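Q: Below is one structure. I have some questions about it.
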Amino acid sequence: MRKHLSLLALALVCCCFWSVQAEVYTSIGQMTDLIYTEKELVQSLKEYIQAEESKLAAVKSWANKLDVLTRASTSDPEVYLAHPVNAYKLMKRLNTEWSELESLVLQDPSDGFISNMTVHRQYFPDEEDEKGAAKALMRLQDTYKLDSESFSKGKLPGMHHNAILTVDDCYDMGKTAYNEADYYHAVLWMQQALRQMDAGEEHVVSKSDVLDYLSYSVYQMGDLPRAIELTRRLVAIDSSHQRAGGNLRYFEKLLSKQLKELNQEVQEPATEEPIQLGTYKRPKDYLPEREIYEGLCRGEGVKMTSERRSRLYCRYHDGNRNPRLLLQPMKEEDEWDSPHIVRYLNALSDSEIEKIKELAKPRLARATVRDPKTGVLTTANYRVSKSAWLEGEEDPVIERVNQRIEDITGLTTQTAELLQIANYGVGGQYEPHFDFSRRPQDIMVDGNRLATFLNYKDEPDAFKTLGTGNRVATFLNYMSDVEAGGATVFPDFGAAIYPKKGTAVFWYNLFRSGEGDYRTRHAACPVLVGCKWVSNKWIHERGQEFRRPCGLTEVD
């Protein structure tokens, strides 16, 4: 008993520890460790089963042997005990052997498995991880316009291995949305659970539970006729359901009132068509350019015209005859003309990438954003990834990468931020944002609006404590290919740049005057399939006075 209490206490301590280290779902790199953890637990479970089977076989052997003995002894006890050997063996069995059998039965082969579970539990995801992963699937569903059935059957672009969602999985997805008052997604996933249930799939959840959540969610979406039809179906299945009867009377009364207000006497029958993606309009949220942003993530609305493409070139770049680039200049390709965005090929080697990931992985923590009101770093639902910061002194590879960035850009990295490494998790993304610290104003050129200001509030000088000025430029390394999704998009001018392992993209966030270029508002699209690793260097203003002199106008 004391041993089990100790194990329980250790498990509680581990759980409390991991509650601080949660958000496993925000990094695919860290989630890969869970695969091996689960494999080890499966092996431990097999060993436990084998031990239980061995124990049961030994007990069965004892039972069979004693069954034969008791049948012989009980047929005529006096004759049986007349033999002195039988009398001796009876004394021995009851004094010794039954005690040994008792010890065997009391043995608990689960101790090893429970101990192993306790050790690994500290790395387990928690309820927030499960909820975060579910919401990530819904985010992918919205961004890439995928219906619930595609997800349920694992039909995703670039995937060769299908992962199927059961009825109960779909129900849990819908319940997660419902508990967040997200009735739009609750409808989609409860409908999918019902569809698979009606098709005869096995399930644990009851049909009445699915109909209960689905009917009320449909009502919340404003579809009273369908809510009534679903609730009637629920009552037909379970006439004693606690809420169904009351809900049905309420829905019917509400519909009757609406019909009277519209001077209609006949109720239109509920549509027979099943609920699908697009049946109900997705509610608006806080992001003004949501449709443009998500369209670019799908490859829609990219404003790469033939005229613009004719202005894009590729060239060898030697960093203004930098000695380190003279013999092996960088291959530079234009990605966009204005603002000018370039991509460098072979910016990182495979060995450099693996070393950077090796250094960063143990330090990965939930990526933060700066609160525009307080200036304090905090986590946010619109940035789902984990990041780590690496100093040049830590390893020659980091020092070499920093130097290469300086050689390529011609800007000093002495005042730059540390190299940031980011790994995106399930549906990992970073919604539209600016890299520079900004002020609420439009930028005008000759009376024309150059960039749209989207009513963003004042934010304190986020980099004042650094004493290095604003972020003048961004250098972004792609350290992995991504099978589907994960593009870097610029909603203001309609550009989409796709990850390619070993390449890097570079752009200026500020004009030469130091004013922010609001066109550079950009986003990292949700990763649909794959594992996305990036590293970036934010280069600051200080030290660039003679490397990038001021222009003659605000927008040079």
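Q: How about Lys92: which lysines have a C-alpha closer than 24 Å to its C-alpha, ignoring those fewer than 8 places off in the same chain?
A: Lys55, Lys60, Lys65
Q: Also, quick follow-up: Using +1 at the Cβ of each Lys and Arg and -1 at the Cβ of each Asp and Glu in the chain, identify which of Leu390, His540, Val59 lies farthest towards the dipole's positive end.
A: So the residue we want is His540.
Q: Nearest 10 degrees is fine. How inclined is helix 244-261 to the longest principal axis of the chain, computing both from alpha carbons?
A: Relative to the chain, helix 244-261 is tipped by roughly 40 degrees.
Q: With the cut-off at 18 Å, tell me which of the pairs Lys175/Lys207; Lys131/Lys532; Lys257/Lys284; Lys145/Lys303 have Cα atoms farther apart than that.
A: Numbers: Lys175/Lys207 14 Å; Lys131/Lys532 21 Å; Lys257/Lys284 28 Å; Lys145/Lys303 21 Å.
In this structure, Lys131/Lys532; Lys257/Lys284; Lys145/Lys303 exceed 18 Å between Cα atoms.
Q: Does a label point 7 Å from the Cα of Glu333, set along Cα-to-beta-carbon, have any residues of region 500-534 with amide nitrogen under 14 Å, and which are they?
A: Answer for this model: 500-506.
Q: Another question about this same structure. Summing -39500 (n - 2.57) over the DSSP H runs of n ≥ 4 in the chain and dividing by its residue number, what mean residue ellipticity at 222 nm do you reach, to the nearest 500 deg cm²/dmol? Don't jump to the answer; show the numbers that get you there.
A: Working: 18 runs with 241 residues, N = 556.
Dividing the helical sum by the residues of the chain leaves -14000 deg cm²/dmol.
Q: Just the number please: accessible area per residue for the chain, 1.4 Å probe, all protein chains included, in Å². Let's see the in-between values first.
A: Values: 30530 Å² over 556 residues.
In whole numbers, the chain has 55 Å² accessible per residue.
Q: Quote the charge dipole size of the chain about the Cα centre in Debye, to the nearest 20; the model charges only the Cβ of Lys and Arg (+1) and of Asp and Glu (-1). Can you show the working numbers first?
A: Numbers: 70 positive and 83 negative charges, 103 e Å.
It works out to roughly 500 debye.
Q: Further, regarding this structure: Tell me which of Gln191, Leu259, Gln242 sits at the most positive position along the dipole axis of region 160-261, charges placed on C-beta atoms (Lys, Arg +1; Asp, Glu -1).
A: Leu259
Q: Within region 286-367, report the trypsin sites (Lys or Arg not before Pro) that DSSP leaves as loop and that have at most 13 other Cβ atoms within 10 Å.
A: Working: sites: Arg290, Arg298, Lys303, Arg308, Arg309, Arg311, Arg315, Arg321, Arg324, Lys331, Arg343, Lys355, Lys357, Arg363, Arg366; in loops: Arg298, Lys303, Arg311, Arg321.
Answer by residue number: Lys303, Arg311, Arg321.
Q: Normalised by the empirical 2.2 N^0.38 Å for globular proteins, what value does the Cα Rg of the chain take?
A: Numbers: Rg = 32.6 Å, N = 556, 2.2 N^0.38 = 24.3 Å.
So the Cα radius of gyration is 1.34 times the expected 2.2 N^0.38 Å.
Q: What's the carbon and sulfur percent of the chain's accessible surface, probe 1.4 angstrom, rounded to a whole number? Each step should come with its number before you reach the end.
A: Values: 16070 of 30530 Å².
After summing per-atom areas, the C and S share lands at 53 percent.
Q: How much length is gained on full extension from Asn322 to Lys303, taking 0.36 nm per residue of separation minus their Cα-Cα distance? Working shown, then result.
A: On the way: separation 19, 0.36 × 19 = 6.84 nm, distance 3.47 nm.
In short, 3.4 nm is gained.
Q: Between the helical axis of 2-20 and the dominant principal axis of the chain, each derived from Cα atoms, what acute angle in degrees is found, rounded to the nearest 10?
A: 20 degrees
Q: Another question about this same structure. Tell me the angle of helix 167-179 to the major Cα principal axis of the chain, expressed in degrees between 0 and 90 and rounded to the nearest ten.
A: 60 degrees
Q: Next question. Quick check for me: using +1 on Lys/Arg Cβ and -1 on Asp/Glu Cβ, what's the dipole size of region 268-342 about its Cα centre, in debye to the nearest 20?
A: 540 debye
Q: Along the charge dipole of the chain, which of Val555, Leu312, Ala367 sits closest to the positive end, that is, farthest toward it, with unit charges on the beta carbon of Lys, Arg, Asp and Glu (+1, +1, -1, -1)?
A: Checking the options against the dipole of the chain, the answer is Val555.
Q: Using +1 on the beta carbon of Lys and Arg, -1 on that of Asp and Glu, and nothing else charged, what's the dipole of region 34-136 about the Cα centre, debye to 20?
A: For region 34-136, the charge dipole is close to 500 debye.
Q: Still on this structure, I have one more. Please give every one of the lysines within straight-line cross-link reach of Lys464, meaning a C-alpha to C-alpha distance under 20 Å, and leave out same-chain neighbours fewer than 8 residues apart.
A: Straight-distance partners of Lys464: Lys373, Lys537.
The values are calculated or read from the model by the stated rules, or taken from the named source; none is laboratory data. Computed from a prediction, not measured in an experiment: that's the story for all the values here. Here Cβ is always computed from backbone atoms with ideal geometry, including for glycine, and neighbour counts include all displayed protein chains. Each accessible area value is taken on the protein alone, full model and side chains, heavy atoms only, with ligands, DNA and RNA left out. Shrake-Rupley method; radii C 1.70, N 1.55, O 1.52, S 1.80 Å.
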